[in-house]
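The values are calculated or read from the model by the stated rules, or taken from the named source; none is laboratory data. Since the model is a prediction, treat every value here as computed from it, not as a measurement. Here the Cβ is made from the backbone with ideal geometry for all residues, glycine too, and neighbour counts use every protein chain on show.
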Amino acid sequence: MIAVISVYKVANFPDGGGHFWVYMQYAQGLRRLGCEVYWLEQFRPPPAPDPAQEAALLAPFFERMKRFGLEGKTLLYSADRGSADGPPSFRFVGCEWSHAERALRQADLLLNFHYAIDPRLLACARRTALVDIDPGLLQFWISTGQLKVPAHDCYLTTGETVGTPSARFSDCGLPWHRIRPPVCVELWPFTYDPRAEAFTTVSSWSTTDWLKVTENGKTVLRENTKRVAFLEFAELPRRTRQPLELALYTDDRDAADLTRLTRNGWRVRHSTRTPTAPTSSARAASSAARRRRAWSSKTPGSATGRSATWPAASRWWYRTRVRAPTSSTGKACSASPRSTRPPLRWKRSIAITSATAARRGPSPRRTSIRSESWRAP
């Protein structure tokens, strides 16, 4: 069987070890089942055409692909805008369009994580499946017209109540099939360190996650980040003798938040001070796992497709006022997690994990913090 995995923004995010592993788990799992796997990805080239800068950006990416057995099977492309009226043209890096087209047409399945993929690429594949790893959020974006997803043959989701009466959001008229995210246990073996002390989670902080919602006839942006959810628990270390640690991807704008966390007893460090490259990201998660027994929801299946290999990486999503919208057209806007982080703090929301929202449905405000326990080579 030949499978093509269409991923989102890995080459442009070299520090995102957890982000990388979300997709690589599927790739390695399929390879171990005997499938021939291709990696399809759109990347964003430097603003000004600069071959040297582009080569420097992509060299580590291609080296990682080689390390994971995907040399010669990486279909990396940019969508270069031509005329204002015509569709963008594809420019492939490291291979020709003819090679990519042949792989797509020979594939038995295109497993698509790139929600806004160009329909022309989907049309080359014999069978396509969309994989929803943002349960609740994806349906919100589609039903409010913020994202237009091309038609697929099959729709998969890691949200356990997506498409069921328990969900508080629209199913967008799509037949969702619920799945569990894979973990390649050969690359993430379990280990135990009795010297482990702190409960640790590795996470982004103030990312680009903003939701566009309508309230009283006005459109507002709601923060949809790990930051807004964690700060509800800022005083938690004061209520336990258990050491609590956060390894966060932050910048200078987060200084006040970090000061607040440390004053309340959190151990805080920058995630780049732990191994974050894809080959060492699993070790970082293992280190986090060794330093705690685990925070975990007692209800099975509470992890999203991201959180299985990205500690505390369930998507945080605004829920207290968002009801089940019904329309299903449009494309992502500034409130999408794909945009650039705003320089100002907007009005914030109450947030919970998307997995919790997808699973627990109409329950009142309930928040969970998770940390997964895997080891790494």
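Can you tell me which residue is farthest from the chain's Cα centre (by Cα) among those in region 246-274 that are among the hydrophobic types (A, V, I, L, M, F, W, C) and assigned to a strand (DSSP E or B)? So the residue we want is Val268.
Of all residues in region 134-152, one or more are among the aliphatic types (A, V, I, L, M), within 23 Å of Met24 (Cα to Cα) and touching a residue at least 40 places away in the same chain (Cβ under 8 Å).
For (1) assigned by TED's automatic domain parsing to the domain that holds Thr208; (2) at pLDDT below 95; (3) surrounded by fewer than 17 Cβ atoms within 10 Å (Cβ to Cβ); (4) among the hydrophobic types (A, V, I, L, M, F, W, C), each residue gets a yes or a no:
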{"site": "Ser6", "(1), (2), (3), (4)": "no, no, no, no"}
{"site": "Gly16", "(1), (2), (3), (4)": "no, yes, no, no"}
{"site": "Ala27", "(1), (2), (3), (4)": "no, no, no, yes"}
{"site": "Arg44", "(1), (2), (3), (4)": "no, yes, yes, no"}
{"site": "Pro51", "(1), (2), (3), (4)": "no, yes, yes, no"}
{"site": "Met65", "(1), (2), (3), (4)": "no, no, no, yes"}
{"site": "Asp85", "(1), (2), (3), (4)": "no, yes, yes, no"}
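Identification of strands (runs of 3 or more DSSP E) wholly contained in region 175-221 with 1 or more residues that are more than 21 Å from the chain's Cα centre (by Cα) yields 199-204, 210-215.
A search for C-beta distances below 7 Å between a residue of region 182-208 that is closer than 20 Å to Thr158 by Cβ and any residue that is hydrophobic (A, V, I, L, M, F, W, C) and modelled with pLDDT of 85 or more, counting only pairs 6+ apart in sequence or on different chains, returns Thr201/Leu246; Val202/Ala247; Ser203/Leu246; Ser203/Leu248.
Just checking, how many residues over region 210-253 are among the small types (Gly, Ala, Ser) and modelled with pLDDT of 90 or more? Matching residues across region 210-253 total 2.
Going by the conditions given, is Arg127 surrounded by fewer than 19 Cβ atoms within 10 Å (Cβ to Cβ) and in contact (Cβ under 8 Å) with a residue 24 or more places away in the chain? It is true that Arg127 is surrounded by fewer than 19 Cβ atoms within 10 Å (Cβ to Cβ) and in contact (Cβ under 8 Å) with a residue 24 or more places away in the chain.
Assess whether Ala56 counts as being over 20 Å from Cys184 (Cα atoms) and aliphatic (A, V, I, L, M).
yes
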